[in-house]
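Structure record follows, encoded as structure tokens.
The values are calculated or read from the model by the stated rules, or taken from the named source; none is laboratory data. Everything quoted here is computed from the prediction, not taken from an experiment. In this analysis, Cβ positions are derived from the backbone assuming ideal geometry, glycine residues included, and neighbour counts consider all displayed protein chains.
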Amino acid sequence: MAEINRQIQAYDITVKQGCHVDASITQSPRKPKTRPAYEVVSDREERDDEANAQLEMRVIEVTQPGVDTEARWVKKGDKSLFGYKQHTVVDGNGLVAAVETTAANCHDSKPLLDLLDKANIQPGTRIHADKAYSSQKHRDALRSRGIKNGIQDKATKNNPLSPRQLQRNRIITKVRYVVERTFGSQARWFNAKILRYCSLAKAHTWHILLAMAYNLKRLPKLFAKRQMVTQT
């Protein structure tokens, strides 16, 4: 993936002014046949910088045959999903710069700093993300790295968002759609939502292959667009 992205960058196709981060769940069909023996956490219920977040992510081992013992349950809305999370950072064109894979019960924001390091995000770049990534820990980390904060603000108890913060959140929503488009295209083109393999390592390999395939499939159109711009 690093080599593919290096060659894409050689054609000056990547958009370096802003990056976008989000997570998507890849479901595993190798789930327990009976009532889950896992503790189920609500997606985004706890932030990674809260003291009891680790306790909320505790898991009870499953001994049922055929079950992927490294996958986990997470609750999104009214549905319980079993599998892994694909944490992804994309550029302004939606091309994947870096991927991390965790069990599904890992909070979206936990791998953020590792993703930024893996993608080699440079100072001055603005990172866009939804309010699940909002925490003092991340604001301080971005500031120390010279990275601009494009994370949506999150209301807290007895402290609602101001009109200015609400307007800022709406502006961020309009620009970070590209990462949702990347996930949607991966699901449409490659049936990315269902994992064909068992274990965290193989799930991560699958996510890397998806990223490579997506970047290569988008490349011809972006290359042609870039050529038209340079010729004019």
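Note on segment 78-110: residues that are more than 17 Å from the chain's Cα centre (by Cα) and closer than 20 Å to SER134 by Cα amount to 0. Pairs meeting the criteria (first residue in segment 63-77 and closer than 9 Å to PRO32 by Cα, second residue at pLDDT below 90 and surrounded by 15 or more Cβ atoms within 10 Å (Cβ to Cβ), beta carbons under 7 Å, at least 6 apart or on different chains) are GLN64/PRO32; VAL67/LYS31; VAL67/PRO32. Just one residue in the set VAL229, VAL178 is of a type outside the set (S, T, N, Q), over 27 Å from LYS85 (Cβ atoms) and in a helix (DSSP H, G or I); that residue is VAL229. Determine if segment 49-72 includes at least one residue that is in contact with a Leu (Cβ under 9 Å, 6 or more places away or on another chain) and at pLDDT below 90. No: segment 49-72 contains no residue that is in contact with a Leu (Cβ under 9 Å, 6 or more places away or on another chain) and at pLDDT below 90.
Of the residues making up segment 199-232, just one is more than 18 Å from LYS31 (Cα to Cα), touching a strand residue (DSSP E or B) at 6+ places or on another chain (Cβ under 8 Å) and small (Gly, Ala, Ser), namely ALA211.
Pick out the one residue from GLN231, GLN186, GLN167 that is more than 17 Å from SER109 (Cβ to Cβ), polar (S, T, N, Q) and surrounded by 14 or more Cβ atoms within 10 Å (Cβ to Cβ). Break it down stepwise before answering.
On the way: GLN231 fails: surrounded by 14 or more Cβ atoms within 10 Å (Cβ to Cβ); GLN167 fails: surrounded by 14 or more Cβ atoms within 10 Å (Cβ to Cβ).
Of GLN231, GLN186, GLN167, the one residue that is more than 17 Å from SER109 (Cβ to Cβ), polar (S, T, N, Q) and surrounded by 14 or more Cβ atoms within 10 Å (Cβ to Cβ) is GLN186.
Quick one: would you say ASP12 is crowded, with 19+ Cβ neighbours inside 10 Å and modelled with pLDDT of 60 or more? No. Identify, please: which residue in segment 103-128 is of a type in the set (D, E, K, R) and part of a loop (DSSP other than H, G, I, E, B) and is, among those, surrounded by the most Cβ atoms within 10 Å (Cβ to Cβ)? Only one residue fits best here, namely ASP108. Checked against the criterion of being without any contact (Cβ under 8 Å) to a residue 12 or more places away in the chain, among the charged types (D, E, K, R), out of contact with any strand residue (DSSP E or B) (no Cβ under 7 Å at 6 or more places or on another chain) and farther than 20 Å from THR14 by Cβ, the candidates ARG196, ARG168 yield just one match: ARG196.
Out of VAL89, VAL99, VAL74, one residue alone is under 12 Å from THR182 (Cα atoms), among the β-branched types (Val, Ile, Thr) and surrounded by 20 or more Cβ atoms within 10 Å (Cβ to Cβ). It is VAL89.
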